[in-house]
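Quick notes on the structure that follows.
The values are calculated or read from the model by the stated rules, or taken from the named source; none is laboratory data. Note that the structure is predicted; figures quoted are calculated from it, not measured. FYI the Cβ positions are ideal-geometry reconstructions off the backbone, even for glycines, and counts take in every protein chain you see. We work out accessible area using only protein heavy atoms, side chains counted, and drop any ligands, DNA or RNA first. Shrake-Rupley method; radii C 1.70, N 1.55, O 1.52, S 1.80 Å.
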Amino acid sequence: MTPSRLQHRPLPIAASVGYEIHEFLAWEALLLDHHRYEEWTGLLTTDLVYLSPGKKWNHEVLVSAARQATREHASLASHTRRLVSNVIISPADCSREFTVNSYVLLMGARPNENETKWATVERCDRLRRTAHAFQISRREIHFAQSAAEPRLPDIL
């Protein structure tokens, strides 16, 4: 389900599940903000589908991109921050999965740049509950502005 297809108010979920999912999204943002990409890949299912305009990635490609980003950020630290908001959670087709729509405000500056750049993203995620946590099994992202989209490591 893409974010633009969310036409009806979602079914209610338990408050404790909503809290866990909010915490999961905050933890994911922290890992990415601090360039902890190897840890971030642990939040992904092996059957992951990751879609952005005109692009499709799977688990293997994202793990490879995460390794590359880790090497790049070891010598070149950019400052990116993610603010996750407008989180709407609904149960998916099975009891272990949830559809999560959210907005992300990305703010960042590369080294030697004085100007902070902004990007807004609308996401539709499918989260799967495992024995100990949640994992992302599907993510579809849509940029609010179509001009310069951020590079993959910036939006992971």
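In the context of the full set of protein chains, residues of region 26-98 present 55 Å² of accessible surface per residue (probe radius 1.4 Å, heavy atoms only). Each residue was assigned an accessible area with a 1.4 Å probe, and for TRP118 the value is about 150 Å². Sorting THR45, THR116 on solvent-accessible area from highest to lowest, probe radius 1.4 Å, gives THR116, THR45.
For HIS132, HIS79, the ranking by accessible surface with the largest value first comes to HIS132, HIS79, using a 1.4 Å probe.
Where does each of 103-112, 122-131 land if you order them by average Cβ count within 10 Å, highest first? Please report the intermediate quantities before stating the final value.
Values: 103-112: 14.2, 122-131: 17.8.
The densest-packed peptide leads the list: 122-131, 103-112.
Distance from the Cα centroid of region 30-51 to that of region 65-131 is 9 Å (rounded to whole angstrom).
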